[in-house]
Amino acid sequence: MASVKDTSTHIIESLGGAENITSLTHCATRLRFQLVDVGKVDQEKLESDTAILGSVTQGTRGYQVVMGGGVANYYSEIIKNPGVSPPDEESSSAKKNYDAVRGKYDWVDYCFEFLSDTFRPILWALLGASLIITLLVLADTVGIQDFRAPMEEQPEGFRLAHAMFQSVFYFLPVMVGATAAQKLGANVWVSAAIPAALLTPEFMSLGEQGDTVNVFGLPLVVNSYGSQVFPPILAAIGLFWVEKGLKKIIPSAVHMVFVPFFSLMIMIPATAFLLGPFGIGVGNGISWVLFQINGFSPFILAIVIPLLYPFLVPMGLHWPLNVIMIQNITTYGYDFIQGPMGAWNFACFGVTGAVMVISMKEKNNSMRQVSVGAFAAGMLGGISEPSLYGILLRFRRTYYRLLPGCAVGGAVMGLFDVRANAFVFTSILTTPAMSPQLGYIIGIAVAFFTSFFLTLLFGYRTAEEKQADLERIARENHESIEDVASRSESHLIGSSGHGAHASEKTAAVGVVPATGIATKEAEQATIVLDTPLEGEAVDLSEVPDPIFAGAKLGPGAAVKPTGNIVYAPADGTVLTVQKSGHAIGLNLDNGVQLLIHVGLDTVELAGEGFDVHVEKKQRVSAGDKLISFDTDLIKSKGYNLITPVVVTNAKKFGSVSGATGTVTLSDGLLQVHPKPEEELES
């Protein structure tokens with residue numbers, strides 16, 4: 001397993017180097033990059049590291065790398081690189097960060113993204129506070145101390161414990177003000193100072209909650225701004241425009257003195273008189289609408305919420321609902337979203353738990369690592385992203401196992417009208433914060449086991465995905481595919497056939513035994529691969545690209561093509577095919593994984609001049625047409641057509657040698673030699 005340092009270096013290289021990274025932040029599970037050119041990302045290489053759970057493009061310049069719960073360690077290591085740095089105050093103040101805007105209506109996308117990025121940095125503090133709340137609610141449940149008793153009735157130790165979590169929620173407006181300003185490009189500390197002014201004893205001494213007082217002849221409504229989120233968001237937006245205007249009329253030599261001075265002088269009164277009360281009204285209004293829907297039918301709301309979350313979370317659109325949850329707690333003293341949301345979380349963890357069991361049975365080390373980490377993060381922390389990006393979005397069939405658990409669990413929540421007494425993350429540790437607790441436990445148990453058993457019974461992969469996995473596991477463990485398939489099927493509940501032959505079990509799941517693909521004997525024979533295209537074969541070191549020339553993607557050879565069609569050199573499965581059509585990855589039945597990359601930097605053509613004839617996961621036979629390309633057009637655009645052909649899993653074999661000179665389709669291009677016997681024995 002690669003170290004944090006090695007993986008961090010691997011990430012930088014796969015993203016096109018430090019010079020391609022303009023900024024870096026992170027949330028609970030994801031590294032969030034802004035890149036100069038997303039086209040320089042080598043996603044296949046990036047995700048070859050088992051520590052990386054997945055990656056996804058966000059907008060025109062944004063790129064997310066999913067790392068799981070240890071994301072902060074990788075973040076800290078990456079920013080040590082002198083060419084990589086997090087967004088600082090100076091750079092973030094230069095402009096709004098619109099780089100990750102997506103879709104046709106970009107202003108709508110940016111609004112959601114703005115809310116999401118405002119809350120992500122605060123996640124750790126909120127998660128820590130939620131577990132402290134859970135402990136206090138648990139103490140209430142067992143009769144030690146009433147959680148909602150007035151502070152003067154709380155023992156000193158419990159008063160301190162309340163202060164420990166209230167520090168996060170009471171001063172939440174200050175944190176939100178800072179993170180919202182960072183996203184917008186306004187001054188972080190001035191933005192934090194605006195809501196802080198409304199939390200001071202001096203402001204609260206103006207009157208009681210709801211009083212209207214006269215300030216310089218103007219009516220001012222005194223509100224309690226602790227735990228509020230909409231007022232600081234509106235204040236940060238206002239600050240952005242005020243700062244922008246002030247910088248135009250104040251000489252740059254005195255910006256540091258007068259821009260913050262006038263910003264505070266303008267924005268604190270504006271927030272106290274106008275934006276603050278309006279923000280509270282907005283929050284109360286949204287909470288009221290949802291409250292009315294919940295009052296009309298808690299059952300319907302409880303089903304809709306968990307069914308929405310699997311589609312909201314991948315887009316980051318679930319974060320705005322956290323605002324409503326906190327608003328509900330502040331307004332009503334309870335929240336009716338978190339309980340049903342727990343049905344989604346535990347259905348998700350049910351799928352992950354089943355994948356973990358299946359992976360252990362199959363000795364699938366890569367998926368075992370992903371599922372164990374995701375399961376722990378979910379059950380103990382209530383964080384679903386590792387499961388989502390490591391499993392659910394990677395194997396789309398899992399949604400058919402997930403959604404029934406969401407629906408059934410949500411229905412149980414609706415029957416019991418489950419409510420949250422405090423803002424917490426829905427993990428196994430935070431059940432005491434829900435009421436009725438028994439109804440919540442039944443709901444999450446139903447959601448978990450529904451998805452768990454559906455996944456266990458029907459699997460989480462397509463037949464092609466499963467076959468590819470079984471072949472890989474067999475190669476890694478030096479076993480026959482029949483043995484691996486036999487283990488894989490043994491997890492099925494009620495599976496008869498303990499006395500059946502392995503070959504029968506293999507056939508039962510549609511796995512075709514390949515000709516020696518995973519046996520130890522196969523790795524002791526030299527594999528000869530025909531050239532995938534006609535041309536002049538040259539040594540890989542002659543490729544004018546340091547990644548290929550240095551064999552960083554694997555050893556092999558290159559072809560200067562005279563033909564314009566790429567053919568399959570042997571039987572196998574398409575691992576990946578780029579949308580631009582310039583590259584294809586193959587998982588051959590002889591155990592070799594091959595990358596064929598037509599030209600250099602041809603990804604920039606965005607598919608122009610390329611025609612792809614296959615798709616991902618498709619079975620191909622030797623001689624099948626894979627890609628055709630227009631040589632004249634590509635050359636006219638100034639691109640080099642030299643085509644590297646590399647073995648990406650060469651570590652499973654010995655050396656790889658390549659031919660040179662003119663090659664036709666019947667000629668061998670690569671020889672993949674076996675490991676020495678002493679290495680196989682070790």
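Summary of values
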quantity: Phi to ³J(HN,Hα) by Karplus 6.51 cos²θ - 1.76 cosθ + 1.60 over the stretch 324-336, Hz, x for Gly, Pro; calculated: 5, 4, 5, 4, 4, 4, 5, 7, 9, x, 7, 10, 10
quantity: Given charges at beta-carbon only (K, R positive; D, E negative), |dipole| of the stretch 306-423 in Debye; calculated: 520
quantity: Residue-normalised accessible area of the stretch 146-247, expressed per residue, 1.4 Å probe, Å²; calculated: 46
quantity: The stretch 535-653 shape via C-alpha gyration tensor axes, a/c threshold 1.5; calculated: oblate
quantity: Accessible solvent surface per residue of the stretch 574-682, calculated while the other protein chains remain in place, 1.4 angstrom probe, Å²; calculated: 46
quantity: Heavy-atom accessible surface of the stretch 540-661: percent carbon and sulfur, 1.4 Å; calculated: 45
quantity: Carbon and sulfur %, accessible surface of the stretch 346-397 computed with the full protein complex present, 1.4 Å; calculated: 58
quantity: Fraction of accessible area attributable to carbon and sulfur, the stretch 1-78 (%, probe 1.4 Å); calculated: 48
quantity: Chymotrypsin sites (Phe, Trp or Tyr not before Pro) restricted to the stretch 195-239 and DSSP loop, no more than 15 other C-beta within 10 Å; calculated: PHE216
quantity: Accessible area in square angstrom per residue, the stretch 433-483, 1.4 angstrom probe; calculated: 36
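The values are calculated or read from the model by the stated rules, or taken from the named source; none is laboratory data. Just so we're clear, the structure is a prediction, and the values are computed from it rather than from any experiment. Quick reminder, even Gly has a Cβ in these numbers, built from the backbone with ideal geometry, and neighbours come from all protein chains shown. Protein only, heavy atoms only, side chains kept; ligands, DNA and RNA dropped before computing areas. Shrake-Rupley method; radii C 1.70, N 1.55, O 1.52, S 1.80 Å.
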